[in-house]
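The structure under discussion appears below in the form of structure tokens.
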Amino acid sequence: MKETPVAKHALPRLEATLEIEAPPERLWPLVSDCNRFKEYMDLETARVIARRGNWSRCELVVDVPFPFGKLESVSDNFVERRSGVYRATWKLVSGDYLYDEGSWELRATGSGRTLARVSMLTEPKLPVPNGMLLSGQRDYVKDMLVRLRQRALASR
């Protein structure tokens, strides 16, 4: 996992990559449609509330440990496919975050495999030390990639 400091942000951008034994076409519906995010992300709810062309607006709810309750967000998502690269990006519109943005990128590596890369810059509005937030985000990203792999392999 790579961590990159970002000016004017308390937490770094996290980037993680995993090679998955499935073609990008199998992973693409999972990372490009927020209605399917619950299949590999730890979310209470995820749903598209508007869609037009390669843009969608999504509403997500994360249930965080007691005593914090839930984190809600609305984000704009954009998807594109070109030259063998599948890319889905998101950016916070409103919600319980100071900022939340990132992307998924899928690239075929040959033999029916995909290099899946996620990049995210996120800070929830929680009264928790930044070190604890960062530790939780690292774990979340690792778990999300493993779950994405499991979900893609289960759909063979």
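The values are calculated or read from the model by the stated rules, or taken from the named source; none is laboratory data. Note that the structure is predicted; figures quoted are calculated from it, not measured. Methodologically, a virtual Cβ is constructed for each residue, glycine included, from the backbone with ideal geometry; neighbour enumeration extends over all protein chains shown. The area values use the complete protein model at the heavy-atom level, side chains included, leaving out ligands, DNA and RNA. Shrake-Rupley method; radii C 1.70, N 1.55, O 1.52, S 1.80 Å.
Count of the stretch 4-48 residues, restricted to those that are of a type in the set (Gly, Ala, Ser) and within 16 Å of the chain's Cα centre (by Cα), is 3. The residue that is surrounded by the most Cβ atoms within 10 Å (Cβ to Cβ), among those in the stretch 53-70 that are at pLDDT below 95 and either part of a strand (DSSP E or B) or among the small types (Gly, Ala, Ser) (or both), is Val62. The set of residues in the stretch 95-119 that are among the small types (Gly, Ala, Ser), open to solvent by 50 Å² or more (accessible area, probe 1.4 Å) and in a strand (DSSP E or B) contains only Ala108. Out of everything in the stretch 19-52 that is more than 14 Å from Tyr86 (Cα to Cα) and part of a helix (DSSP H, G or I), what residue ends up being most open to solvent (accessible area, probe 1.4 Å)? The selected residue is Lys38.
Residues in the stretch 120-132 that are assigned to a strand (DSSP E or B) and either on the phi > 0 side of the Ramachandran plot or touching a Phe, Trp or Tyr at 6+ places or on another chain (Cβ under 8 Å) (or both): Leu121, Thr122, Glu123, Pro124. Please work out which residue is nearest to Arg57 (Cα to Cα), limiting yourself to the stretch 97-142 and to residues that are hydrophobic (A, V, I, L, M, F, W, C) and over 13 Å from the mean Cα position of the chain (by Cα). Filtering the stretch 97-142 for residues that are hydrophobic (A, V, I, L, M, F, W, C) and over 13 Å from the mean Cα position of the chain (by Cα), the one nearest to Arg57 (Cα to Cα) comes out as Leu98.
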